[in-house]
Structures are given as structure tokens and as C-alpha cells.
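Everything on this sheet refers to the single structure shown next.
Derivation of every value follows stated rules applied to the coordinates shown; laboratory data play no part. The structure displayed is predicted, hence computed values, not measured ones. Because the Cβ atoms are built from the backbone with ideal geometry, glycine has one as well, and the counts that use them run over all protein chains shown.
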């Protein structure tokens, strides 16, 4: 196998490191890599080759999951540039953002109908789309990875809230 274990995810997939990723090219490269490293291709090989194929299959899948998800991809870009996200211990956010989060939480608590929840989800999806566009600008145009890390942490809050709204919608539908 001609793959290099030291390659970062972008190198592994033959991509220029950046937030913008051609999803069709990513998917095609993932399929090609999986064909090359699939453990079934090594079923008649020795144990070491089989183990290496399994490791590569796992490595390829992990990289693919990181690169196809915009939030994970942005986090990974920050890490590649020496700026860990540190979401567990760095939750500092602008006051306006925190007020918005508190308002959304109150509205979620007060929401009684599916329509209320769907309206909230629409708003969150719009905010998420705008935040993703800002991530692309910060990562690929400004190349400001410290700012990108702050934006990723903020988007993590929004993603968590969207998940909570979707969970409530699922509960309402039961």
C-alpha cells in the first residue's frame, strides 16, 4: 500500500488544506482509498498485511468523517495550525452571543407546538448557514486560525442547540 501514516487528512485525500472542500471529489477519493486499503483485498495476505489494511481502513474512515463535516473540518484546520479548539475549558463568548443562546433556551423551554419548534429550527439553520460562511471566510481568505477557533466554539453551541430543538421535535411527533 502506498499510503503514508504520517499524512494529515488533507494530504491523505490529495486536498489542499482549507475549509472549502469539493464534496464530490472527497467522496470519490474516499471510495478509491477504501478500495485500495479494504481488508478483504488482503484476506490471503499474512497477518501483518491484514492488520495494516485494517488500520488503514480505520484511518481513512476517520479522516473522511473529519473532512466531510464542516465543524470537524474547521476544528481540524485549527489543530493543524497549532490552535486547539479547547471547547472543554474555553467557553468565553461575546456577551451578545451568550444573550442569544439564553433567549433561544428560554424560547425552547416555552415552545408548546410543533410549529413553534419548526420556526426555531428554521432560525437556527439560518444562523448555522451564516456561521459556516463566516468560517469559510476566516479559514480560507483571512487565514486567521485563532479567530476560526473562536467561531468553531460558537458554532458548537449552535449545533448543540439545534440538536436539542430536533430532539424536542422528535418527542412532539411521538
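Bins of 5 Å, beginning at zero and ending with the bin holding the largest distance: percent of Cα pairs per bin for segment 9-68, please.
All Cα pairs, binned at 5 Å, distribute as 4, 20, 28, 20, 13, 9, 5, 2 percent.
Suppose each label sits 7 Å from its Cα in the direction of the beta carbon; what would the residue 163-residue 47 distance come out to in nanometres?
Rounded to a tenth, the inter-label distance reads 3.9 nm.
Hey, what did the chain get for relative contact order, percent, Cα under 8 Å, at least 6 apart? Can you show the working numbers first?
On the way: 129 pairs, mean separation 42.9, N = 174.
Computed over the chain, the figure is 25 percent.
What whole number of Å gives the distance from the Cα centroid of segment 35-94 to the Cα centroid of segment 117-155?
Segment 117-155 and segment 35-94 have Cα centres separated by 22 Å.
Just to be sure I understand: with springs between alpha-carbon atoms less than 10 Å apart, which residue in 89, 22, 140 has the highest mean-square fluctuation in the Gaussian network model of the chain?
89
Based on a Kirkwood Rh over C-alpha pairs, give the Stokes-Einstein translational diffusion coefficient of the chain at 25 °C and viscosity 0.890 mPa s in µm²/s.
Numbers: Rh = 18.5 Å.
The Stokes-Einstein estimate is 133 µm²/s.
Using a Gaussian network model of the chain whose springs link C-alpha atoms within less than 10 Å, name the residue from 158, 21, 114 with the highest mean-square fluctuation.
114
Using a Gaussian network model of the chain with C-alpha springs under 10 Å, which one of 134, 96, 87 is most mobile by mean-square fluctuation?
Of the options given, 96 has the highest mean-square fluctuation.
For the chain, what does -39500 (n - 2.57) per DSSP helix run (n ≥ 4), summed and divided by total residues, give at 222 nm, in deg cm²/dmol to the nearest 500? It would help to have the intermediate numbers written out before the result.
Working: 7 runs with 120 residues, N = 174.
Calculated from helices alone, the mean residue ellipticity at 222 nm is -23000 deg cm²/dmol.
Points 7 angstrom from Cα along the Cβ direction at residue 62 and residue 143: gap in nanometres?
2.8 nm
Measure nothing but the geometry: give the 0 to 90° angle between the long axis through the Cα atoms of 145-173 and the longest principal axis through the Cα atoms of the chain, rounded to 10°.
Rounded to the nearest ten degrees, it is 70.
Tilt of helix 114-136 relative to the longest C-alpha principal axis of the chain, in degrees (0 to 90, nearest 10)?
With rounding to tens, the tilt is 50 degrees.
How far is helix 47-68 tilted off the main Cα axis of the chain, in degrees rounded to 10, range 0 to 90?
30 degrees
Once you treat every alpha carbon in segment 26-107 as an equal point and sum by Debye, what is log10 I(q)/I(0) at q = 0.13, 0.16, 0.21, 0.23 Å⁻¹?
-0.64, -0.78, -0.99, -1.05
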